[in-house]
Structure formats: C-alpha cells, structure tokens
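Asks: Below is the structure I would like to discuss, written out as structure tokens.
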Amino acid sequence: MDFRKIALEKDRHDDLKNFKSKFLNNSNEIYLDGNSLGKLPLKSIENLNEVINKQWGQNLIRSWNDTWLKMSEKINLKMSKLINSDNDEVLVGESTSVNLYKILYSLLKSNQFKKNLVTDNLNFPSDIYIIEGLKEYTEKNEITIIDYESNLSCDINILKKTIQENPGIYCLSLVTYKSSFLYPIKELNEFAERNKSIIVWDCSHAIGVIDIDVKASKTKAAIGCTYKFLNGGPGSPSFLYVSKDILNHMQNPIKGWFGHSKPFNFENKYKPADNINKFNAGTPSVLSLIPVNTGLDIVLEAGIKNIRNKSIELGEYLIKIINNELYKFDVKIASPIESSSRGSHITIQHKEAWRICKLLVKGGQKRKKIIPDFRPENNIRLGFSPLYVSFIDLYETIQTIKDILENKEYLKIDESKSEVT
Ligand SMILES: Cc1ncc(COP(=O)(O)O)c(C=O)c1O
C-alpha cells in the first residue's frame, strides 16, 4: 500500500485544510502535541494586542463596562453552543482543577446523591488529588479509585458493577490522557441516573475535538480545559457546565463577589446568584480569556462534527500505517483500535520511547522536528489536532520513527530523563 499517496490524496480532499493558515506554523516542524497545548491562532495575537494596547493601555478601567464584562458572557455563550447546553448552564473561568473541586464539593453538600466519591485509575492525576482532598466530606471518610486490570482502557462491566454497588458521585475523564480511551458517555449517564448516581465528566481531552452534546448524552455536570484542542493558550481558563436540573441544589464553596447576585452593590452579606453565575468567584482573567474567544470562534466555524470526522479519519490512517510499518520493531498501540472508543491522540509504546521522543524533537538536516509527548513509562502520545495536522504529517512522522528504529539511532542518545518533551 502506498501510504504517502493515500495521505496526499486525503489531504487534497480535506474540507478543513485551510484552517491551518489560521495558526502560527513552523514549516520545519510537525506539531503532534495539540492534545496538551494547542497552537497559537494568529487572530489571538491581533486580539491580545488590541486588548493590551487600547483597552487596558488607554481605556483602562472603563473597559470593564465597555467590553470585558460582556466578553465573558459572549464566551460563555459560545461554549454553550459548542456543547449544546442552554446558554445559562456554562461558565468559562478558573482552572479545571478548581472547577472540579467546586462541582464535587457542591454535589457532596447537595444531599441529592449518596456521599460516595469514586473515580478510576484512568483519570488524570490532578482530578484524583482533588477527589482525595474531598474525602473528609464523604460518608465513610474515604474515596474509591476503581483499579481496572489495565491503566489504558476502562472495563465497562466493572465500572457499571461499581456504580450499582456503590452509588454516588463519580468523576471520569471523557477521553483519558494516557491512551485516549473514550467512554460511552450517554450509556453511562443513563446507567448512573438509574442507579441514583451522577458522573462529572472531565472533558479536557475531548472539548474542541469530540462532538459533546450535553443534552443528547444527558450529561449533568462537566468541566474541561481550553488550552488543548480549543487553542486558548497556556493556562487558559477552563469551562464549567452544570445542568439546570441540578443547579438549584448546588452552592459554590468559594463565595466570591462575582458569584454574588449583585456584585456591584457591594453588600456585606453574601447572596449567591440564582443562576450559573453563582459558580463564579473572583474577577475574570481577561487576558487569558481573549484567546479562548478566538479558539472557540475557529472551532465553531470549522464545525465540531467536521472536526470529529477528520480526527477519526486521521486516527484510522495512523493505526493502519503504524501496523504496517512499525509492528516489526516491537511498537505497540496502547490506544483503542475502534474509533468510537478513541479521542484524538494515539499512544504507542516502545521500550526506547524516551530516546525516540528526544530524536523526534531534535529533528535533523533532512528531517523535520516532530513534537509528540512522552508519558512514563514508555508511551509516546501522537496527538492530531484536525485543524492543523494533515495526513502527510502523520506519514512523515511514522517514516521518521521507522528510520530511527531501523538504524537504532536511539543508541546515540543519553538515557537520562532530565527534561519533559
Ligand atoms: C484531563 C485533565 N484534567 C485536568 C487537568 C488539569 O487542568 P488545570 O491545570 O487547568 O487545573 C488536565 C491538565 O492537563 C487534564 O489533562
């Protein structure tokens, strides 16, 4: 099979191919880490310059009323469009970790669910730390971490059995960070509801690349970061979604003035807003929100279904080429093979993963720099953000890895793991 020819053909027919020009690109680099930190949209440079020079630099405090307060609302509205929620069910602000804390604490205090906190061994460490930190508010002063045999994919039967036997408040990553496993969200939400439980979904690896529909999937609560497939920039604020069905029972543990029903009345007594705004705490981070607005505009323009379709095609192509070119070198695919169970990165494993990553990042005279990421112990994550990754990028990546393995180039690289790619 001529994989190069197939890649070129697929790129020619790619409806999203023009979106790459909306980002700052380096022609000598293939960026496969958009699942960690998305690229910089050119429009964000322009928008940030405008905000810094004009709105902050010249208009100063007046900009709150002129633009900044309204900007927050606009961003919330765009986010709600992206996940198909009502527009008063979403906020964008603060980190994913903080928003997760707010939702879980609030659910524990809501008396709507048994005070059991459960996650699994596929979840992102920060989520596990947050959950662990809340154990004093649970019924038995302990949390449950479901340990599937593998840390790469969920055993749905074990998960369901746990929900039946230990109903309560669950937190799962919709797409897992290590292997890109994608949970059947609707099936699990319905199962949880039948068993008096709720699942809070961490959508960090899904938002902007998976067509999340909170209404169709009956999702009640979710959070997720905006710096991966939404290209909001390093540390950009996360989103928080709470369905109206449960909002009335929930209170923000952080009672800051932006969660007050009338923040600008400056009353000494805290009275929470009676809508999603009660989950606000402090002043919006204007500079960090600007690129989120741009990132959302680009994703909404491309269409989340088109993005997901291209992501599936890229994934299927990548799996085929890995199977064909790399299996003989003991490279294993650690991600689900079935597209409906996979997000937008594919993890491959090799005992020399660390040194292979170092060589990819280094590039060479006849070789582009390729930026994947390494995750211990031996995982290389190849993230393909459909807005700027092409089929030929994936072809070149696999050919480069093949060259490295064929020539045992990794033997020339120091084994010490002092840096993270
Ligand atoms: C799945 C997942 N959850 C949570 C986090 C933590 O997000 P934050 O740093 O915004 O708190 C990350 C960060 O990469 C993540 O990938």
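Asks: Given the conditions (1) more than 27 Å from Thr347 (Cβ to Cβ); (2) touching a Ser or Thr at 6+ places or on another chain (Cβ under 9 Å), report the number of the one that Lys178 does not fulfil.
Replies: (1)
Asks: One residue is enough: does segment 310-328 have a residue meeting the conditions open to solvent by less than 30 Å² (accessible area, probe 1.4 Å), among the basic types (Lys, Arg) and assigned by TED's automatic domain parsing to the domain that holds Trp56? Outline the logic, then answer.
Replies: Of the residues in segment 310-328, the ones open to solvent by less than 30 Å² (accessible area, probe 1.4 Å) are 310-311, 314-315, 317-319, 321-322, 325-326.
Checking which are among the basic types (Lys, Arg) leaves us with 310.
Next, only the ones that are assigned by TED's automatic domain parsing to the domain that holds Trp56 stay: none.
Taking every residue of segment 310-328 in turn, none turns out to be open to solvent by less than 30 Å² (accessible area, probe 1.4 Å), among the basic types (Lys, Arg) and assigned by TED's automatic domain parsing to the domain that holds Trp56.
Asks: Restrict the check to segment 144-160 and report whether at least one residue is crowded, with 23+ Cβ neighbours inside 10 Å and within 13 Å of the ligand (Cβ to nearest atom).
Replies: No, that holds for no residue.
Asks: Just checking, how many residues over segment 249-269 are in a loop (DSSP other than H, G, I, E, B) and loosely packed, with under 13 Cβ neighbours inside 10 Å?
Replies: 5
Asks: Which one is nearest to the ligand (Cβ to nearest atom) among residues in segment 177-203 that are over 15 Å from Ala222 (Cβ atoms) and under 17 Å from the mean Cα position of the chain (by Cα)?
Replies: Tyr177
Asks: For Val214, all conditions in the list (1) open to solvent by 10 Å² or more (accessible area, probe 1.4 Å); (2) out of contact with any Pro (no Cβ under 9 Å at 6 or more places or on another chain); (3) over 26 Å from Lys54 (Cα atoms) hold save one; what is the number of the exception?
Replies: (1)
Asks: Let me ask something else about it. I want to confirm something. Restricting to segment 217-230 and keeping residues that are within 15 Å of the ligand (Cβ to nearest atom) and closer than 21 Å to Leu159 by Cα, which single residue is surrounded by the fewest Cβ atoms within 10 Å (Cβ to Cβ)?
Replies: Looking at the filtered set, the residue picked out is Ala221.
Asks: Moving to a separate point now. Please find, among Ser126, Ser80, the residue that is assigned to a helix (DSSP H, G or I) and surrounded by fewer than 21 Cβ atoms within 10 Å (Cβ to Cβ).
Replies: Ser126
Asks: A follow-up question, please. Regarding Leu104, is this residue farther than 30 Å from Ile392 by Cα, assigned to a loop (DSSP other than H, G, I, E, B) and outside the structural domain of Gly343 (by TED's automatic domain parsing)?
Replies: no
Asks: Separate question: Restricting attention to segment 42-77, which residues are open to solvent by 60 Å² or more (accessible area, probe 1.4 Å) and within 27 Å of the chain's Cα centre (by Cα)?
Replies: Across segment 42-77, the qualifying residues are Leu42, Lys43, Ile45, Glu46, Asn49, Lys70, Glu73, Lys74, Leu77.
Asks: Out of Glu139, Glu165, which single residue is free of Cβ contacts under 8 Å to residues at least 12 places away in the same chain, more than 16 Å from the ligand (Cβ to nearest atom) and either more than 26 Å from Asn277 (Cα to Cα) or surrounded by 23 or more Cβ atoms within 10 Å (Cβ to Cβ) (or both)?
Replies: Glu165
Asks: Same structure, new question: For segment 108-129, indicate whether the set of residues that are in contact (Cβ under 8 Å) with a residue 60 or more places away in the chain, more than 10 Å from the ligand (Cβ to nearest atom) and in contact with a Phe, Trp or Tyr (Cβ under 6 Å, 6 or more places away or on another chain) is non-empty.
Replies: yes
Asks: Run down Lys20, Lys39 and say which single residue is assigned to a helix (DSSP H, G or I) and buried (at least 16 other Cβ atoms within 10 Å of the Cβ).
Replies: Numbers: Lys39 fails: assigned to a helix (DSSP H, G or I).
None of the others qualify; the one that does is Lys20.
The values are calculated or read from the model by the stated rules, or taken from the named source; none is laboratory data. Please read these numbers as outputs of a predicted model, since none were measured by experiment. Glycine also receives a Cβ, built like all others from the backbone with ideal geometry; neighbour counts cover every protein chain displayed. Side chains included, ligands, DNA and RNA excluded: accessible areas come from the protein's heavy atoms. Shrake-Rupley method; radii C 1.70, N 1.55, O 1.52, S 1.80 Å.
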